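Read through the structure below, which is laid out as structure tokens, and then see the notes.
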There are 2 protein chains.
Amino acid sequence: MLAEIITIGDEILIGQIVDTNSAFISKELNKIGVQVYQITSVQDDKTHILKALTNAKENADLIIVTGGLGPTKDDITKQTFCEFFDDTLVENTEVLKNIKHIFSTYIKREPLPSNLQQAMVPSKATILNNEHGTAAGMWFESNHKVFVSLPGVPYEMKALISNDVLPRVINHFNRPFIYHKTLLTYGKGESEIQEIITSWEEALPSSIKLAYLPSLGRVRLRLSSKGYDNDFLVASVDSQMDKLYTMLDDIAVGYEDETTIQEQISEILQKENATLSLAESCTGGSIAQEITAIAGSSVYFKGGIIPYATTLKSDILGVNSSLIKEHSVVSLEVAEAMAKQCRKLFDTTYALSTTGIAGPTKGDGFDEVGTVCIAIAGPQGITSEKFSFGKPRERVIKKAVNKAFEMVLKEISKN
Amino acid sequence: MLAEIITIGDEILIGQIVDTNSAFISKELNKIGVQVYQITSVQDDKTHILKALTNAKENADLIIVTGGLGPTKDDITKQTFCEFFDDTLVENTEVLKNIKHIFSTYIKREPLPSNLQQAMVPSKATILNNEHGTAAGMWFESNHKVFVSLPGVPYEMKALISNDVLPRVINHFNRPFIYHKTLLTYGKGESEIQEIITSWEEALPSSIKLAYLPSLGRVRLRLSSKGYDNDFLVASVDSQMDKLYTMLDDIAVGYEDETTIQEQISEILQKENATLSLAESCTGGSIAQEITAIAGSSVYFKGGIIPYATTLKSDILGVNSSLIKEHSVVSLEVAEAMAKQCRKLFDTTYALSTTGIAGPTKGDGFDEVGTVCIAIAGPQGITSEKFSFGKPRERVIKKAVNKAFEMVLKEISKN
């Protein structure tokens, strides 16, 4: 069965926000065997929304719409659904109760008339209770098609998808299984990889699809298949993936579907009762940010220091200033000293450091923009590497962060 | 004139990546007076792409397509364009030269046959040179419509949009001006704001459109208008914005179109020759990451410390441990001491601190999950505030980061 996602909002079409809702919904639908045929972002305009709904009905069995359910005048999704289904708005007592509850519990003031107005919903809709907000989710069935309308606020939408929409979709539709497995590689480009695996790729059964996803020095290789026999599906994709892994053994970092590299690091450090600290110069907190985004990171992540100004590398971190003078602030020697000092200062099992020139100007380094040194200190000593990440700034930082996580994973997996 | 963006790639439709290309393209088109009618994400499937191209041609004058131009077998955009325009692939010597140049300069190995294959392009296409990669951009004109095909790799696509596509669009189409102005507010919900501004909103000329954009404790109010008389456009929107600002004076933070709040902070600190440091506990590097994402931040950002473990707040930052014992690690007292110590340690004009419980578990704090204390120390003393940001973790961190930037902007704007 196929689904289409329609996101409503001028803010998407003028580039004021990035639509992250679609990726979340697609991922969740995929897990339960629903293939997303298309994602369409349309304006806050009745004619346009009606056209998108009509087109989506032709292509898909399930149409999920987000956005346009707010209390203000620019939100017109409910009225549009009324027109689409030849329906009228009626007050729903459950929704009204929820609105009053949200106001008394969280907002702590009396709802305004426009807030109470949100209890007016299309009479043909089954209501999905929004525990985090005042805009109700709605489920419509019409001619064997299902239409779902959800608020555009990500955390309200996410809760409705997980708690209400997915269980209902599972009940309502007969779905195949969809299985993906993704291999993360680094060190070779996609065409080089294709060269290595070409005869295997040509012999791949037509039921299994291979995709190459290059990004910032990494290439991810995704195998996908769908069908009604889940055991067969998993076995056939896994056996092909084993072959692929063997062919690419020297550049394979690991699998990415179940756990990200950050989560793998988190698991290993927790299992080993090991701790980590960071001395981030050119990455400016980006590595710490990704680590602390994971719940439970406080168990193994003790903290970090961002010695952005060169003098702070000596003043706070205690790197010998003559070392900086001798080798330049962006050097393997300074990166290693930073990692060593950081490990001592924070008293952790491992410490990672970054120092580099993110650009656009050269700062205090002698090297080209894009030069980054990364070091990791641990019980087995210090490893360091120097990279040329090119430009622009954003890309240099992101590549350094990726590489740092790869070095951490490699180092902590040594035992 | 209208544009449509089509992004091609199964990785978008299975939720493996978030499509950020569309937002970038939409924003850039908007600046030059091109309204994006729709964004459509489709699968790596010839029939589907052809259908999307056919539909887009009905709605828009300019169709920009990204993705599917790689050297591997899953990339089929060029073949699809050939079918759409009844065209064939021919070798282009300029593209071939660029591929060889990219390989010899950056990749430093001989191109493989599949790489050289990327020089085969539809004969009817005008080539847009991709200086960062081997996949050429393409510009097609057909029946007064323009189709542009770009690689999906963001930095390659961005350079092609800025250097080639936009100048060509400006030359090729007669476009109106589009003008947006966005007011950032915090402290009131969208319905409360609507209540305050309702009579003004009703009297707003129909040529000016108002949108409410609520997000994590902030509401952005965007006024938009388009037309061929730019001076009139700017004057009429600005004068309405002045009225709006006056009505919402107590909750207005500033405008957001030209500069983000991070950029505003950057400008003020540079102008005042002031410096900033950070002691981030619960935000775990997120504030530093946003500051250092801006080029030139090393001028005013000296660095930061992430004392994630409670003991580090005393050991490295020097907060009195009895203070932590007495008031709990998440308290205004500790936040203030952290900011004060950070300012001293990093020797900066301002220092900001965060301490809180991001969740899902309570950690070392006594308070509810979502409690965050933020303090800022500066030449005029210390300001601090305690917040309840609810849950989940991701939202708590993001809200704390937003609030921190607002507090910094407020503090440094005092003079």
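The values are calculated or read from the model by the stated rules, or taken from the named source; none is laboratory data. Given the structure is predicted, the values throughout are model-derived calculations rather than measurements. Don't worry about glycine lacking a Cβ; one is built from the backbone with ideal geometry, like all the others, and counts go over all protein chains shown. When the accessible area is computed, the model is the full protein with side chains, heavy atoms only, and any ligands, DNA or RNA have been set aside. Shrake-Rupley method; radii C 1.70, N 1.55, O 1.52, S 1.80 Å.
Structural remarks
- Enumerated helices (runs of 4 or more DSSP H) restricted to region B:1-61, each holding at least 1 residues that are under 19 Å from the mean Cα position of the chain (by Cα): B:10-13, B:21-31
- From the list B:ALA351, B:ALA279, B:ALA293, the one residue that fits, being buried (at least 24 other Cβ atoms within 10 Å of the Cβ), within 29 Å of the chain's Cα centre (by Cα) and within 11 Å of chain A (Cβ to nearest Cβ), is B:ALA279.
- Matching entry among A:SER388, A:SER384 (being in the same structural domain as A:LYS344 (by TED's automatic domain parsing) and open to solvent by 50 Å² or more (accessible area, probe 1.4 Å)): A:SER388
- Candidate set from region B:120-173 (those that are part of a helix (DSSP H, G or I) and small (Gly, Ala, Ser)); member that is nearest to B:LYS27 (Cα to Cα): B:SER162
- Comparison of A:VAL369, A:VAL299 shows that the only residue that is of a type in the set (A, V, I, L, M, F, W, C), open to solvent by 20 Å² or more (accessible area, probe 1.4 Å), within 13 Å of chain B (Cβ to nearest Cβ) and under 28 Å from the mean Cα position of the chain (by Cα) is A:VAL299.
- Within the option set B:ASP242, B:ASP249, being at pLDDT below 90, over 24 Å from the mean Cα position of the chain (by Cα) and either open to solvent by 40 Å² or more (accessible area, probe 1.4 Å) or at positive phi (or both) holds for one residue only, B:ASP249.
- All positions within region A:15-25 that are within 18 Å of B:VAL36 (Cβ to Cβ), facing chain B (nearest Cβ under 9 Å) and crowded, with 24+ Cβ neighbours inside 10 Å: A:ASP19, A:SER22
- Region B:37-49 - residue that is more than 8 Å from chain A (Cβ to nearest Cβ) and not basic (Lys, Arg) and, of those, surrounded by the fewest Cβ atoms within 10 Å (Cβ to Cβ): B:THR47
- Scanning region A:261-273 for residues that are away from every other protein chain (no Cβ under 14 Å) and surrounded by 16 or more Cβ atoms within 10 Å (Cβ to Cβ) gives A:ILE261, A:GLN264, A:ILE265, A:ILE268.
- Close Cβ contacts (under 8 Å, 6 or more residues apart or on different chains) running from residues in region B:50-68 that are within 12 Å of chain A (Cβ to nearest Cβ) and touching a residue at least 60 places away in the same chain (Cβ under 8 Å) to residues that are open to solvent by less than 10 Å² (accessible area, probe 1.4 Å) and among the polar types (S, T, N, Q) comprise B:GLY67/B:THR7; B:GLY67/B:THR77; B:GLY68/B:THR77; B:GLY68/B:THR80.
- Matching residues in region B:174-204 - criterion: being more than 9 Å from chain A (Cβ to nearest Cβ), over 12 Å from B:MET247 (Cβ atoms) and not in a helix (DSSP H, G or I): B:ASN174, B:ARG175, B:PRO176, B:PHE177, B:TYR179, B:LYS181, B:LEU184, B:TYR186, B:GLY187, B:LEU204
- Members of region A:205-259 found to be more than 21 Å from B:GLN43 (Cα to Cα), within 14 Å of chain B (Cβ to nearest Cβ) and basic (Lys, Arg), listed by number: A:ARG218
- Scanning region A:90-101 finds no residues that are assigned to a helix (DSSP H, G or I), surrounded by fewer than 18 Cβ atoms within 10 Å (Cβ to Cβ) and within 11 Å of another protein chain (Cβ to nearest Cβ).
- Residue that is open to solvent by less than 10 Å² (accessible area, probe 1.4 Å) and outside any helix (DSSP H, G or I), where the choices are B:ALA339, B:ALA404, B:ALA377, B:ALA335: B:ALA377
- Looking only at region B:26-36, and only at residues there that are open to solvent by less than 40 Å² (accessible area, probe 1.4 Å) and more than 7 Å from chain A (Cβ to nearest Cβ), the one that is nearest to B:LYS226 (Cα to Cα): B:GLY33
- Selection count, region B:105-136, where residues are more than 12 Å from every other protein chain (Cβ to nearest Cβ), closer than 20 Å to A:THR198 by Cβ and either in contact (Cβ under 8 Å) with a residue 40 or more places away in the chain or out of contact with any strand residue (DSSP E or B) (no Cβ under 9 Å at 6 or more places or on another chain) (or both): 1
- Checking A:SER322 against (1) open to solvent by 10 Å² or more (accessible area, probe 1.4 Å); (2) outside any loop (DSSP other than H, G, I, E, B); (3) within 8 Å of chain B (Cβ to nearest Cβ), the condition it does not meet: (3)
- A:ASN55 being open to solvent by 20 Å² or more (accessible area, probe 1.4 Å) and closer than 30 Å to A:TYR228 by Cβ: yes
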